[in-house]
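See structure below.
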Amino acid sequence: MDRAEEMEMATEVLVPVLGESISEATLGEWLKQPGDAVAVDEPIASLETDKVSVEVPSPVAGVMGEHAVKVGDTVQVGALLATVDAGGSAPAKTEAATPAVTAAPAAAPAPAAAPAADEASDSPAALSPSVRRAVLEHGLDPATIKGTGKDGRITKEDVAAAAANKSSAPAPAAAAPAAAPAGSARKEERVKMTRLRQTIAKRLKEAQNTAAMLTTFNDVDMTAVIEARAKYKDLFEKKHGVRLGFMGFFVKAATMALKDIPSVNASIEGDEIVYHDYADISVAVSAPNGLVVPVIRDAQDLTVAGIEKTIGDFGKRAKDGTLKMDEMKGGTFTISNGGVFGSLMSTPIINPPQSAVLGLHRIEERPVVVDGQIVIRPMMYLALSYDHRIIDGREAVTFLVALKNAIQDPTRILIDL
């Protein structure tokens, strides 16, 4: 078969339409290397936009052809990404092993990890630049990390969990000095910021430069919510098909408090304050390349079960990289739960053009005084960062107190108090 016939059999893979007003993206990683077998609709590449990562599927079954762009390149909608040889067959694994490793810039081991190159080539999960950087920062061996991402790929959350397990494990006696090779050099790796990370950095800095930001704190006794969850979680999951968590309570309580303190749910447009009679709650969800903030529309009309179902769906699709652009637009108020990562206290940054963000933190048993007695209670710090241009301190404190009262007495959520 001559070159012309091969070209006729090759199918071009183009950059798909990414969403309204989005004309370009960055190639985050190649999921298939030249010579790999490809099925119809199987992802071959991951593109990073300002909002989410988008996987590009193969339009035909066959063998992966040449890559037209490199990892980190900016590509326009409609541009050529690669070719797939339709109906071809992949070469034997032993013959393809070497080119598969050398042709994967995103998965190539850094100098510090050179001894593990052979192990990495056998791994089913290619490392993206951000994951590779996290692995190097924590000094981990990728071969020992179980990937929970799509097709078994390792995510940043997997690296964080492995690092936490490593730090909690007792160090073997006298093993550390012998592990460091003599004359080892200090090394650095430069990884270009992803488009998503650049957008996050830009928006957060704009928020700091624009808003008169202030943070007010309170704490809440989680006893009642923990008891309610323990009592009803099995029945709840059986009836609604989703686990009962704490976010459902907080989102519902927040919608009630926003109704009482409308300025916390407002935004500034020019010289006008826009008040919303609905609560579109943005929830910060961890994705492999950073936090994304999908929106629960009309949360004030949803039950706790409806809220939990929506959040669960967001979390799953954020991990898979299948969230849609429209699902992250808008939002009138944000809730960020740093407690799932162990945060004790923080000062969250406003998500423009919103005027406030609620930060939740880890639950920790602490001594508190109740009815003149010192008792141990599961306590959580709450942090409300807000734009002081339209929200006064009195309103911020009132909002937090209303939220606290609803969480400490969940019956208030049922009877709207």
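The values are calculated or read from the model by the stated rules, or taken from the named source; none is laboratory data. In this text the structure is predicted, and so the values were computed from the model without any measurement. All Cβ positions, even for glycine, are placed from backbone atoms using ideal geometry, and neighbour counts span all protein chains on display. Side chains included, ligands, DNA and RNA excluded: accessible areas come from the protein's heavy atoms. Shrake-Rupley method; radii C 1.70, N 1.55, O 1.52, S 1.80 Å.
Any idea what log10 I(q)/I(0) is at q = 0.20, 0.21, 0.27 Å⁻¹ for the stretch 254-339, Debye with uniform C-alpha scatterers and no solvent? Values returned for q = 0.20, 0.21, 0.27 Å⁻¹ are -0.94, -1.01, -1.37.
Between Arg389 and Asp326, with labels modelled 7 Å along Cα→Cβ, what's the label distance in nm to one decimal, could you check? In this crude label model, Arg389 to Asp326 measures out at 3.0 nm. Here the 3J(HN,Hα) profile of the stretch 264-270, calculated from phi with Karplus coefficients 6.51, -1.76 and 1.60 at θ = phi - 60°, is 5, 9, 9, 8, 9, 10, x Hz, Gly and Pro shown as x.
May I ask you to order 71-77, 306-312 by the average number of other C-beta atoms within 10 Å around their residues, highest value first?
Packing proxy ranking, top to bottom: 306-312, 71-77.
Near Glu42, the amide H atoms lying under 5 Å from its own belong to Ser58; only residues 5 or more places off or on other chains count, and H is placed 1.01 Å from N.
Using a ≥ b ≥ c from the Cα gyration tensor of the stretch 194-245 (square roots of the eigenvalues), is it rounded, prolate or oblate, where a/c under 1.5 gives rounded and otherwise the larger of a/b and b/c decides, a/b for prolate? Oblate is the answer for the stretch 194-245, as a/c is 1.5 or above yet b/c matches or exceeds a/b. Distance between the pseudo-spin-label points of Asp141 and Ala160 (7 Å out from Cα toward the beta carbon): 2.5 nm. Across the options Ile407, Ile374, Gly393, the greatest Cα extent toward the positive end of the charge dipole of the stretch 366-417 (unit charges at beta carbon of Lys, Arg, Asp, Glu) belongs to Ile374. Rounded, prolate or oblate: which fits the stretch 376-417 when a ≥ b ≥ c are the square roots of the eigenvalues of the alpha-carbon gyration tensor, with rounded for a/c under 1.5 and prolate only if a/b beats b/c? Verdict is oblate for the stretch 376-417. With the full set of protein chains in place, find how many percent of the accessible area of the stretch 306-366 is carbon and sulfur; take the probe as 1.4 Å. In the stretch 306-366, the share of accessible area belonging to carbon and sulfur is 56 percent. With a simple spin-label model that places each label point 7 Å from the Cα along the Cα-to-Cβ direction, the separation between Asp41 and His240 comes to 3.1 nm. If R0 equals 30 Å, the separation of the Cβ atoms of Lys316 and Thr223 corresponds to a calculated FRET efficiency of about 0.50.
Please go through the residue pairs Lys146/Lys202; Lys259/Lys319; Lys166/Lys202; Lys259/Lys329 and name each one whose alpha carbons sit more than 30 Å apart in this structure.
With Cα atoms farther than 30 Å apart: Lys146/Lys202; Lys259/Lys319; Lys166/Lys202.
Element breakdown for the stretch 208-259 at a 1.4 angstrom probe: carbon and sulfur atoms account for 52% of the accessible area. Accessible surface calculations at 1.4 Å, restricted to protein heavy atoms, place the stretch 175-307 at 58 Å² per residue. For Glu55, the solvent-accessible surface computed with a 1.4 Å probe is close to 40 Å², ligands and nucleic acids excluded.
Rounded to whole numbers, the Karplus 3J(HN,Hα) couplings from phi for the stretch 236-243 are 4, 5, 5, 7, 9, x, 8, 6 Hz, using 6.51 cos²θ - 1.76 cosθ + 1.60 with θ = phi - 60°, and x at Gly and Pro.
Spatial offset of the stretch 199-225 relative to the stretch 252-290 amounts to 12 Å, using the alpha carbon center of each. Taking 0.36 nm per residue of sequence separation and removing the Cα-Cα distance, the Glu189/Thr148 pair yields an extension gain of 12.2 nm.
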